[in-house]
Amino acid sequence: MTKIFFVLLTFLVLSCQGDETQKITIQNLYEIELPKSLSKADNLHEDASLQYQNLFSEFYTIVIHEPSDSFDELIASDPMLADNYTADLNGYSEILKDNLMATIKDGKFSAFENTTINGLKAKQMNVSGTVDNIGVYYEFAFLKGKNQYYQIVNWTELKRKEDHAASMEKIIASFKELNRSKKKMP
């Protein structure tokens, strides 16, 4: 009886947290709002500066950032890459999409949607497919900041897509780069 009570209490607490959000700031570089039902993780992606999850509902989100100069220099220094990708947000998002196509089995990729997220140029797409024999659904946003490229990746099991689609969109829409303006004169 105690186990049933605990399970019901846990479900009730998680259900009530569904609409509540938490604002997370990373390295005074960006902030993002996440559902309070997500908790910090450290094993989702080695390059992610933000990693949150809800194991109970199979919902995950990460943010990866990297200096835009590094990507631009990589493209400029490699003739094969330069033949296929441009040193800008279009090239950045295309190269990441191409890498994903090689890792997601039976992947169905949406076309990129060009948009702006809190003043940043962005490209969004979603993907469904199979990873490790599990049906998965991803929502991606690739953004160009002042000196950084950002990847926001949300994912869940394909069968839970409808449960998390609205939260995924809100997470992406909440992303804000900090300290974008030039220094003020004293």
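The values are calculated or read from the model by the stated rules, or taken from the named source; none is laboratory data. Being a predicted model, the structure only gives us computed values, none of them experimental. Neighbour counts are summed over all protein chains in view; Cβ atoms, including those assigned to glycine, are modelled from backbone coordinates with ideal geometry. The protein model used for the area step is the full one, side chains on, heavy atoms only, and it has no ligands, DNA or RNA in it. Shrake-Rupley method; radii C 1.70, N 1.55, O 1.52, S 1.80 Å.
Within segment 86-111, the set of residues being without any contact (Cβ under 8 Å) to a residue 24 or more places away in the chain, of a type outside the set (Asp, Glu) and either open to solvent by 40 Å² or more (accessible area, probe 1.4 Å) or closer than 13 Å to Ser128 by Cα (or both) comprises Thr86, Ala87, Asn99, Met101, Ala102, Gly107, Lys108, Phe109, Ser110, Ala111.
Table: residues versus (1) open to solvent by less than 70 Å² (accessible area, probe 1.4 Å); (2) within 20 Å of Ile152 (Cβ to Cβ); (3) modelled with pLDDT under 90; (4) within 14 Å of the chain's Cα centre (by Cα).
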site: Thr10; (1), (2), (3), (4): yes, no, yes, no
site: Leu14; (1), (2), (3), (4): yes, no, yes, no
site: Glu31; (1), (2), (3), (4): yes, yes, no, yes
site: Leu34; (1), (2), (3), (4): yes, yes, no, yes
site: Asp42; (1), (2), (3), (4): no, yes, no, no
site: Phe59; (1), (2), (3), (4): yes, yes, no, yes
site: Pro67; (1), (2), (3), (4): yes, yes, no, no
site: Leu74; (1), (2), (3), (4): no, no, no, no
